[in-house]
1. Listed highest first by mean packing, meaning other Cβ atoms within 10 Å per residue, what order do 58-67, 363-372 come in?
2. Given charges of +1 on the Cβ of Lys and Arg and -1 on the Cβ of Asp and Glu, with all other atoms neutral, how large is the dipole of the chain about its Cα centre, in debye to the nearest 20?
3. Full-extension gain between Asp440 and Gln244, please, as 0.36 nm times their residue separation minus the C-alpha to C-alpha distance.
4. Per residue of the chain, what 222 nm ellipticity follows from adding -39500 (n - 2.57) for every DSSP H run with n ≥ 4, rounded to the nearest 500?
5. What is the angle, in °, between the Cα long axis of helix 143-152 and the longest principal axis of the Cα atoms in the chain? Nearest 10 is fine, range 0 to 90.
6. Could you compute the FRET efficiency for Ala275 and Phe45, with r as their C-beta to C-beta distance and R0 at 35 Å, rounded to 0.05?
7. Expected output is a single nm value to one decimal: the length gained when fully extending between Asp335 and Lys357, i.e. 0.36 nm times separation in residues minus the C-alpha distance. What is it?
8. Return the distance in nm (one decimal) between the two label points of a simple spin-label model at Asp251 and Thr325, each offset 7 Å from Cα along Cα→Cβ.
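Taken together, the values in this text are just the output of simple stated rules run on the coordinates, not laboratory data. Here the structure is a predicted model, which is why all the values come from computation and not from measurement. Neighbour counts are summed over all protein chains in view; Cβ atoms, including those assigned to glycine, are modelled from backbone coordinates with ideal geometry.
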Amino acid sequence: MGIDYLTKNGSRRHFLAQAGGGAGMLAYSAMASATTVADGAQTHFPPRAKRVIWLFMHGGPSHVDLFDPKPALTKFAGQPLPESFGNVMTRRNVAKNPLLAPLRRFRPRGQAGLEVSDFLPHIAEHADDICVIRSLHGDSVNHPQSVYQMNTGSILMGSPSVGSWVAYGLGSENENMPAFVVLPDPGGGLKGGPPAWGSGYLSASFQGVTMRPGASPILDLKPQAGVSPAQQLRNLRLIQSLNQRHLQQRDNDDQLSARVKSYELAFRMQAETPALVDINGESQHTHSMYGVDQKETSEFGRRCLLARRMIENGVRFVQLYSGDTNGWDAHSDVDKNHTEYCRRTDKPIAGLLTDLKQRGLLEDTLVIWGGEFGRMPMSEQGRGRDHNPWGYCAWLAGAGISGGRAYGATDDIGLRAETDKVSVNDFHATILHLLGVDHDQLTYFHNGLEKRLTGPNEAHVVHDLIG
C-alpha cells in the first residue's frame, strides 16, 4: 500500500485506520499534536468557540448602505466615479454611472459608537457585541463563484464547505445529531446550489444536512405507518449486517461507508429531531424576541430560534440562509430590496444575539453575518447597485470577539478594500483558529495533494480581529 492506495481512498486518516487499526489512529492523533477539550473534539490549541452560527445573506447586501459609512458618497452623489479610482470593469460597465449616496443615515451606536445604518435598528442595539470587518475582498463578480468562494474557499464547484471541514475536524457534540446543519431559505434557489454546503472530496458524511421547521424536519425520516419500533430495529440490524459485509468486500469504500453511517444517524435522529424542531414549548417572550409572532419576521425568526436550539443540543455548525434566488441582489432598487430583507432579518438576528447572551452561549458560540460580496458605490438603473467583490463587509460576534468596533477599511467611496485587507482565505483561517484549529494542519489527502480549506496559497489568521 503506497501512494496509489492513498490516492484511491483519499484519506490519510482512512489509510492509517486500515493499516494499523486503533494503533494507526493513535499515531495519527499524535502526529496532529492535538489537545483534547472537554467535549472530546481534537483541537490544536484551546478554542475560543465550540460552535458556529453563520447567517448567510444570499445575493450580496450593500455594505455602503448597512455597515460601512462613506461621507464621500453623500458629498459626491450624482457625480461620475473619479478618475483616480482607475478602471472598474463590470458586466454592465456601471463605472460610467454616477455615485449613489447611502440610502439610510448612519448613526453611532452603543457605548463604543460603532456606526450602523438605520436599515438595521435592532442589530444596532448590539453594536457593542459585534466586530465589523470592512475590508473583505474576493475574486469573482458572479454569484455562484462568489457563493462557492465564501463557503468553500474556492470559486470552483466541488470543494468542501467550511461546515464540512469543521465537521471533519471536530465532529459533533451529540452523536444523535449531525455536526453540520443547513437551514435554507424556503424560497429556495440559492445561486450555486447545494454544493455550497457540500463535502466535496471529503466523505459524504460531512456534508450539510438540510432541515426545515415543522413535524418533518427531514423528509422520509420517520418509518412508514404500521412499522413498530421493534420491527424497524430488527430491519436495521439486518441491513447493518449486510452493509458491513458489503463494505468488507469493497475494501471499506469511503463513500459507501458514509452512506451506511447516514442511515445509522437517521435512525438515531428519529427520536431527537422532531422534539428539537418543535418550538411550541418556547415561551411567548422568546417567540416575541425572535419576531415569531409577527408576519414579516416569523419565518426567519423561527429558523434563528431553531439555530439556537440546535447548537444548544450539540450541533457544531449551523448555516442559516436569508434570500431566495435573488435575495439581497438589489440591481434596480436598493431601498426597496433592503427594506424588505432588513425587516425580515433584523429583529430575529438581534433576538438570537440576546438569547445566546442571556443563556451564556454567546461566550463560546461564534456568530457570523455576511453575504457572498457587497455592492458598488455607483448607481445601476437609477436606484440600484451592481456586485462588488473588491471590498465589502461581514461581522463577527461571540467567542470572545471584542465588539463595538470595525476592522479594516475600504477606500473613501467603498469600492475596494484598502486598509488591513482580509481575503476570504484569511477569513476562513480566522474562523478555524477561533475553533482551536490550525488551518495549515487541517488537511485531507486528495489526488496526490494535501488539501486544506484555505487553499494552496498563503493565508493568515487575523489576530487583531480576535482581540
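1. 58-67, 363-372
2. The calculated dipole for the chain is roughly 740 debye.
3. Here the segment from Asp440 to Gln244 would lengthen by 67.1 nm.
4. -11000 deg cm²/dmol
5. Roughly 50 degrees, rounded to the nearest 10.
6. For Ala275 and Phe45, the calculated efficiency is 0.50.
7. Value of the extension gain: 4.8 nm.
8. Reported label-point gap for Asp251 and Thr325 is 4.4 nm.
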